[in-house]
Amino acid sequence: MPLSILDYIALGVFVTCWAGYSYLVDHVEKFRSRSVIAAMDEHRRRWMRAMLLRDNRIGDVNIIGNLMNSTSFLANTAIFILGGLLAMMASPELGRRIFGALPFAAMPDPAGWELRIALLLLIFVRAFFELTWALRQFNYCSIVVGSVPPDSTAPESRERAETAARVANRAARHFNTGLRAYYFGLAALAWIVHPLALAAASLWVVVELHRREFRSVVRDALQT
């Protein structure tokens, strides 16, 4: 068998960390309401309400453009990573020889190596799809902002501003999902070295994400 019992345990830890953390933060309101993600959702709503009071909204469109640029950068990077992973899949002996030189590395057989690269491919394919969908939604948001009447007192103005906020928040959610895939992709890279490294890296990623999203100085500042 290409996988040992230790590999299965490490994979179980990896999947539990990623799926469990994502479910708690994205779907359990008790936890989500205390996160930096929820705080930013409210700030985006405030942004769109403030946008109604500006006659010139070029600045708002520029902000959306900056969000699109950062999202596009990560999506393009995912493509480069996928290309590198396909090259590693095509030349398994070269990759195994390079990683085999690392201290404490437990090199798998060819089938095990392909499974490790396949996991990384799946992770970064997911990241690419999430980020490109976020990019499209930021694009939709800019169009909705452009459709807001110049008269902020018009009945449809506030409704369209709320629509823009919802679209922007949804885009941010997919951006966060894609970025989270990057973090866990780095954890999955540790599996190439050793199954215990995969388990340890998965736990470390959860701890680091929790610290940034629930216990950081930025989170405290955004809660005001």
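The values are calculated or read from the model by the stated rules, or taken from the named source; none is laboratory data. Owing to the predicted nature of the structure, the values given are computational and were not obtained by experimental measurement. No Cβ is skipped: glycine too gets one built from the backbone with ideal geometry, and neighbour counts run over all protein chains shown.
A few points about this structure:
- In segment 160-188, the residues that are closer than 21 Å to Leu52 by Cα reach residues that are surrounded by fewer than 21 Cβ atoms within 10 Å (Cβ to Cβ) and of a type in the set (Asp, Glu) with C-beta atoms within less than 7 angstrom, at least six apart or across chains, in these pairs: Asn169/Asp41.
- Odd one out for Arg180 among (1) modelled with pLDDT under 95; (2) charged (D, E, K, R); (3) under 14 Å from the mean Cα position of the chain (by Cα): (1)
- If the condition is being crowded, with 18+ Cβ neighbours inside 10 Å, more than 23 Å from the chain's Cα centre (by Cα) and either among the β-branched types (Val, Ile, Thr) or closer than 12 Å to Ala168 by Cα (or both), then segment 32-59 contributes only Met48.
- Among all positions in segment 26-44, there is at least one residue which is of a type outside the set (A, V, I, L, M), in contact with a Ser or Thr (Cβ under 9 Å, 6 or more places away or on another chain) and modelled with pLDDT of 90 or more.
- Filtered by the rule that a residue be touching an Asp or Glu at 6+ places or on another chain (Cβ under 6 Å) and among the hydrophobic types (A, V, I, L, M, F, W, C), segment 26-57 gives Val36, Met51.
- The condition of being of a type in the set (Val, Ile, Thr), surrounded by fewer than 17 Cβ atoms within 10 Å (Cβ to Cβ) and out of contact with any Leu (no Cβ under 8 Å at 6 or more places or on another chain) does not hold for Val144.
- Taking segment 1-15 as the range and being without any contact (Cβ under 8 Å) to a residue 60 or more places away in the chain and among the hydroxyl-bearing types (Ser, Thr, Tyr) as the test, only Tyr8 passes.
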